[in-house]
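Since the structure comes first, as C-alpha cells, the remarks are kept for the end.
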C-alpha cells in the first residue's frame with residue numbers, strides 16, 4: 001500500500017489499522033491519532049466524508065493551536081464529540097498540527113492489499129451450529145442497528161434485536177463506525193457489515209459472531225450481496241475503487257478503478273456511490289458519483305462483463321429498485337432528479353424531477369388501495385432550503401404525483417404493506433427530532449412523531465407491527481414504537497445509533513413491498 005503526501009511514503013498496513021494513539025516519543029503522532037479517531041467521519045485522505053474535510057487547504061494560515069478548543073469541546077448537535085474527554089492535550093495538539101499542515105492525501109489500496117487484508121476468525125465454518133443458538137421464531141424478525149460509538153473506534157458495534165418481541169439478541173463490536181448491513185438472500189444465516197473504516201465483516205447470525213473480514217478501502221458506505229448469494233460487491237470513496245468478492249471467503253475476484261468521462265466531458269475519478277444488486281437478473285450496479293456513470297456488472301459472465309451507462313446525472317448517490325427489480329431510481333444530487341436505469345436494456349430510460357436535491361436513502365415504494373405503486377423520494381441539501389418536500393411519483397410511469405412539503409429536510413423513508421403510514425425522518429430544521437408520518441391514501445402528513453433526539457433511519461419490523469428509529473446526537477438511544485397506536489414501547493441507550501436494517505429486506509426487494517419468496521429458501 002502506498003500513501004502519498006506529495007511524494008510517495010510507504011506505510012505498513014498494520015500501522016494504519018492500529019487502535020491506540022501514539023506516545024509523544026513516536027513519529028507521525030498526529031497522523032496516527034487522525035487515522036484512529038477522525039478518519040471514519042472526515043475521510044482517511046483528509047478530504048471529507050460524512051463530515052467536512054480537515055486539511056491544510058481548508059485551514060490555510062491557521063495554526064494547530066487555534067483548533068485545540070474546537071477539537072476538545074466538540075460541536076453541538078453533530079457527531080463530533082468533545083475529544084478532551086478522550087485524548088490527551090498532547091494528542092489533540094498533535095492532530096490539530098497535522099491537520100493544518102497536511103494537504104488531501106493520495107491513497108492507494110490495490111487488489112493485492114485487499115487480498116492480504118483478509119482476516120479469518122473461524123477456521124472451519126462447517127463446524128458452526130446448524131441452527132440459531134438463541135430463541136427466535138423466525139430469522140426474518142432480526143433487526144440490526146449500527147451504533148457508531150461516541151469516540152469512533154470505542155463503542156462501535158452492531159446490536160441485533162428480535163423484532164417480534166423487541167428483545168436484544170446480541171451485540172458485535174467492530175473496529176470502526178459501522179454503516180450498513182446487508183443480508184445473504186440465499187442463506188438466512190449470513191449477513192455482511194461495512195464500516196466507515198472500509199472493513200467488511202461476514203457475520204454468522206446463528207452464533208452472532210464475525211467469521212471473516214476484509215479491508216476494501218478506507219471510506220465509503222456502498223455494499224451489496226447478489227441474490228444468488230455468491231458475491232459481495234463493495235466500493236470506496238478513498239480510493240475511488242470497487243471490488244467484487246467471493247461471498248464465502250471474501251477473496252477479491254474483480255477490481256474496478258472508478259473513472260470515466262463526466263456529463264461535462266471531463267475525465268474524472270468517481271466515488272463509489274450506491275451499489276445495488278437486483279432480483280431481476282444476475283446484475284449489480286455501481287454508481288460513480290462524480291463521473292455521472294452507472295456500471296452494470298453481469299455476474300453470470302466469466303469475467304464479470306461490465307456495461308457503462310454514461311450521462312446519468314451529476315453527483316450520483318443513493319438508489320432503489322422497482323417492484324420487479326427491472327428499474328433502478330438513482331439520485332442525481334446536482335441535477336435535482338432521480339434518473340431511471342433499466343437493467344433489461346442496460347440504459348437510462350427516464351428522469352423524475354425532484355424539485356431540489358434528492359437523497360432517497362434506501363428508498364420506498366408502497367401500493368395504495370387503487371393498486372398504484374407510489375415511489376417515495378426524500379430530499380436533502382443546499383438546494384432544498386426553501387422547498388423542503390418529499391417527491392411522490394408513479395414508480396411504473398415515472399410521473400411525479402406530488403411534491404409534499406414537510407417541516408425539514410429528509411433522508412430515509414420507511415414503508416410496510418401492513419402499516420398505515422409511510423415514514424420519513426426529518427434531519428434538519430426545527431423538527432429534526434421527529435418523524436413525519438404520511439397517509440398512504442391522502443398523500444399528506446398526518447402526524448409528527450417525536451423520537452427524543454436527532455431522528456434518523458426509521459425501519460419497520462418484518463411483520464410491520466413496530467417502528468424502529470435512531471435518536472442520535474443528543475438522544476443517543478434506539479426508540480421503538482407500535483406502528484398502529486404510535487405508542488412508544490421501548491427505548492435502548494446506544495452511542496450514536498445510525499442505520500437500521502430488517503432481515504426481511506432481501507424479500508422486500510425495495511422497502512414497502514410485501515415480502516417475496518426467495519428461491520434458495
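The values are calculated or read from the model by the stated rules, or taken from the named source; none is laboratory data. Predicted, not measured: the structure shown is a model, and the values here were computed from it. Because the Cβ atoms are built from the backbone with ideal geometry, glycine has one as well, and the counts that use them run over all protein chains shown.
When you look at residue 520, is it farther than 21 Å from residue 409 by Cα, outside the structural domain of residue 77 (by TED's automatic domain parsing) and at pLDDT below 95, yes or no? Spelling it out, residue 520 is indeed farther than 21 Å from residue 409 by Cα, outside the structural domain of residue 77 (by TED's automatic domain parsing) and at pLDDT below 95. Condition test on residue 173, is it within 18 Å of the chain's Cα centre (by Cα) and surrounded by fewer than 16 Cβ atoms within 10 Å (Cβ to Cβ)? Answer is yes for this residue. Among the residues of the range 205-220, those that are within 22 Å of residue 304 (Cα to Cα) and assigned to a loop (DSSP other than H, G, I, E, B) comprise 216, 217.
Considered as a group, the residues in the range 100-147 that are over 17 Å from residue 159 (Cα atoms) and in contact with a helix residue (DSSP H, G or I) (Cβ under 8 Å, 6 or more places away or on another chain) include one that is surrounded by the fewest Cβ atoms within 10 Å (Cβ to Cβ), and that residue is 116.
For the condition touching a strand residue (DSSP E or B) at 6+ places or on another chain (Cβ under 8 Å) and either farther than 18 Å from residue 459 by Cα or free of Cβ contacts under 8 Å to residues at least 40 places away in the same chain (or both), what is the one hit in 156, 126?
156
When residue 330 is tested against the conditions (1) over 16 Å from residue 443 (Cβ atoms); (2) surrounded by fewer than 22 Cβ atoms within 10 Å (Cβ to Cβ); (3) within 24 Å of the chain's Cα centre (by Cα), the lone failure is (2). Has the range 81-92 got any residue that is at pLDDT 95 or above and surrounded by 19 or more Cβ atoms within 10 Å (Cβ to Cβ)? No, there is no match, as no residue in the range 81-92 is at pLDDT 95 or above and surrounded by 19 or more Cβ atoms within 10 Å (Cβ to Cβ). Among the candidates 178, 132, 185, the residue that is more than 22 Å from the chain's Cα centre (by Cα) and touching a residue at least 40 places away in the same chain (Cβ under 8 Å) is uniquely 132.
The sole residue among 451, 376, 390 that is farther than 27 Å from residue 335 by Cα and buried (at least 19 other Cβ atoms within 10 Å of the Cβ) is 451. Counting only residues that are more than 19 Å from residue 378 (Cβ to Cβ) and within 24 Å of the chain's Cα centre (by Cα), the range 454-472 holds 5 of them.
Across the range 405-441, which residue is modelled with the highest pLDDT among those that are surrounded by fewer than 20 Cβ atoms within 10 Å (Cβ to Cβ) and assigned to a strand (DSSP E or B)? Looking at residues that are surrounded by fewer than 20 Cβ atoms within 10 Å (Cβ to Cβ) and assigned to a strand (DSSP E or B), I get 439.
Inside the range 200-221, residues that are closer than 18 Å to residue 253 by Cα and free of Cβ contacts under 8 Å to residues at least 60 places away in the same chain make up a count of 3. What number of residues in the range 363-404 are at pLDDT below 90 and assigned to a loop (DSSP other than H, G, I, E, B)? Adding up the residues that qualify gives 6.
Considering (1) touching a residue at least 40 places away in the same chain (Cβ under 8 Å); (2) closer than 16 Å to residue 397 by Cα; (3) surrounded by fewer than 23 Cβ atoms within 10 Å (Cβ to Cβ); (4) in the same structural domain as residue 409 (by TED's automatic domain parsing), the lone condition that residue 366 does not fulfil carries the number (3).
Evaluation of residue 355 against the conditions (1) modelled with pLDDT of 95 or more; (2) surrounded by fewer than 22 Cβ atoms within 10 Å (Cβ to Cβ); (3) not in a strand (DSSP E or B) shows that the sole unmet condition is (1).
Condition check ((1) part of a strand (DSSP E or B); (2) touching a helix residue (DSSP H, G or I) at 6+ places or on another chain (Cβ under 7 Å); (3) surrounded by fewer than 24 Cβ atoms within 10 Å (Cβ to Cβ)) across all residues:
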| position | (1), (2), (3) |
| --- | --- |
| 179 | yes, no, yes |
| 191 | yes, no, no |
| 197 | no, yes, no |
| 229 | no, no, yes |
| 232 | yes, no, no |
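Filtered by the rule that a residue be under 26 Å from residue 225 (Cβ atoms) and assigned to a loop (DSSP other than H, G, I, E, B), the range 466-510 gives 494, 496, 503, 504, 509, 510.
Within the range 106-137, the set of residues being within 17 Å of residue 201 (Cα to Cα) and assigned to a helix (DSSP H, G or I) comprises 113, 114, 115, 116, 125.
Residues that are modelled with pLDDT of 95 or more and under 21 Å from the mean Cα position of the chain (by Cα) within the range 481-498 are absent altogether.
For the range 238-253, check the following and say yes or no: at least one residue is assigned to a strand (DSSP E or B), touching a strand residue (DSSP E or B) at 6+ places or on another chain (Cβ under 9 Å) and modelled with pLDDT under 95. Yes; the residues of the range 238-253 include at least one that is assigned to a strand (DSSP E or B), touching a strand residue (DSSP E or B) at 6+ places or on another chain (Cβ under 9 Å) and modelled with pLDDT under 95.
Considering the conditions (1) touching a residue at least 40 places away in the same chain (Cβ under 8 Å); (2) over 30 Å from residue 205 (Cβ atoms); (3) assigned to a loop (DSSP other than H, G, I, E, B), residue 62 is excluded by exactly one of them, (1).
Quick check, is residue 345 more than 25 Å from residue 515 (Cβ to Cβ) and out of contact with any strand residue (DSSP E or B) (no Cβ under 9 Å at 6 or more places or on another chain)?
Details: more than 25 Å from residue 515 (Cβ to Cβ): yes; out of contact with any strand residue (DSSP E or B) (no Cβ under 9 Å at 6 or more places or on another chain): yes.
Yes: the conditions hold for residue 345.
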